[in-house]
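Trainee: Handing you a structure now.
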Amino acid sequence: MKSKICKLFLIAIFSLLTVFASSCAGLGDTLDSIFKPKPKNVYTAGYSVEGRKINYSVHGLGKDTIFILGAIHGDEPASAVLAEQFEDYLNKNPSILHNRTVIMLAVANPDGLAAGTRHNANGIDLNRNFPTQNRIDNAVFGFSALSEPESVIIQSLISRYKPNRIISIHQPYDCIDYDGPGEHLANVMAAKCPLPVRKLGAAPGSLGSYAGLELGIAIITMELPDSNVLCCRRIWDDYSPALIAAVKYSPK
């Protein structure tokens with residue numbers, strides 16, 4: 001009798017959680033985390049405007065630290081594909097991590113990616129929302145720096161892990177751009193993929209301006225081609241060698 005009561009109680013609790021989750025943004029993810037534990041190297045950094053989890057993974061334990069992120073713009077899906085593929089590669093190839101730590105944030109703007117929009121759910125361009133001398137306060141860039149939870153998460157990961165180089169994967173300008181002391185790294189990466197080095201300039205309030213100009217970190221903006229000419233296999237074959245080179249790179 002007691003066993004039957006316990007089973008009924010657990011079923012009732014689970015049903016209530018399921019109903020509650022369907023009406024609250026982000027709680028579906030919470031149930032997933034209860035019943036499907038994430039890998040030990042994956043952490044939740046916070047939540048998007050619409051309550052989606054923003055997860056990142058940590059690979060390796062070395063002092064040489066690299067931060068790689070994708071999909072800061074939601075309408076650049078190939079960036080998330082390549083970042084997620086590379087995350088899987090790191091899990092399967094730990095030898096590349098000798099004396100290194102790689103921080104992977106595959107999807108920095110999950111609401112924008114879900115909607116297919118450049119901006120986050122508040123209509124803010126996250127790549128113009130960082131605290132820089134050249135930033136512009138407005139309705140698209142945010143009326144103040146770090147006004148968005150997603151940009152706060154990126155800034156906090158940089159502050160916590162103190163990478164000496166950052167790779168931000170984008171689309172669709174088909175080149176490798178750099179800010180700060182990143183020119184040599186840009187040339188090393190370009191030698192490993194079809195993308196030429198092209199200096200686009202530090203946009204106001206961008207991650208490039210923040211990390212490269214304000215913090216003095218070598219940062220690469222890896223601009224993949226337009227998504228309509230890419231497939232998952234080609235993305236990996238053409239552009240993963242550049243990311244591998246970036247991880248193995250010895251800062252000058």
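Trainee: Considering the options Cys231, Pro251, Leu215, tell which one lies farthest towards the positive end of the dipole of segment 157-252, charges being +1 on Lys and Arg and -1 on Asp and Glu at the Cβ, about the Cα centre.
Mentor: After comparing all options, I get Pro251.
Trainee: Considering the convex hull of the alpha carbon atoms of segment 88-227, report its projected area averaged over all viewing directions, in nm², one decimal.
Mentor: Seen from a random direction, the Cα hull of segment 88-227 projects 8.9 nm² on average.
Trainee: Express in % the proportion of alpha carbon pairs of segment 112-151 at distances exceeding 17 Å.
Mentor: Values: 169 of 780 pairs.
Above the 17 Å cut-off, segment 112-151 has 22 percent of its Cα pairs.
Trainee: How would you classify segment 165-252 from its alpha-carbon gyration tensor, with a ≥ b ≥ c the square roots of the eigenvalues: rounded for a/c under 1.5, else prolate if a/b is greater than b/c, otherwise oblate?
Mentor: Judged from the Cα gyration tensor, segment 165-252 comes out oblate (a/c at least 1.5, b/c at or above a/b).
Trainee: For the pairs Lys40/Lys192; Lys92/Lys248; Lys162/Lys192, flag any whose C-alpha to C-alpha distance is greater than 22 Å.
Mentor: From Lys40/Lys192; Lys92/Lys248; Lys162/Lys192, over 22 Å: Lys40/Lys192; Lys162/Lys192.
Trainee: With the full set of protein chains in place, find how many percent of the accessible area of segment 69-198 is carbon and sulfur; take the probe as 1.4 Å.
Mentor: 52 percent
Trainee: Output wanted: per-residue J couplings in Hz (rounded whole) for segment 165-181, from phi through Karplus 6.51 cos²θ - 1.76 cosθ + 1.60, θ = phi - 60°, x for Gly and Pro.
Mentor: Calculated HN-Hα couplings, in order: 8, 10, 10, 10, 8, 9, 8, x, 7, 6, 6, 10, 9, 8, 9, x, x Hz.
Trainee: Could you list the trypsin sites (Lys or Arg not before Pro) in segment 38-68 that lie in coil according to DSSP, counting only those with at most 12 other Cβ atoms within 10 Å of their Cβ?
Mentor: Lys40, Lys63
Trainee: Still on this model: Using the heavy atoms of the protein chains alone and a 1.4 angstrom probe, what is the accessible area of segment 164-252 per residue in square angstrom?
Mentor: Accessible area per residue, segment 164-252: 41 Å².
Trainee: For segment 152-252, what is the percent of antiparallel DSSP beta bridges, rounded to the nearest 5?
Mentor: For segment 152-252, the DSSP antiparallel bridge percentage is about 40.
Trainee: Quick one: accessible surface of Tyr89, probe radius 1.4 Å, all protein chains present, in square angstrom to the nearest 10.
Mentor: Spelled out: Tyr89, probe radius 1.4 Å, area about 50 Å².
The values are calculated or read from the model by the stated rules, or taken from the named source; none is laboratory data. Everything numeric in this text was worked out from a predicted model, so none of it was measured. Here the Cβ is made from the backbone with ideal geometry for all residues, glycine too, and neighbour counts use every protein chain on show. Only protein heavy atoms, including side chains, enter the accessible area calculation; ligands, DNA and RNA are left aside. Shrake-Rupley method; radii C 1.70, N 1.55, O 1.52, S 1.80 Å.
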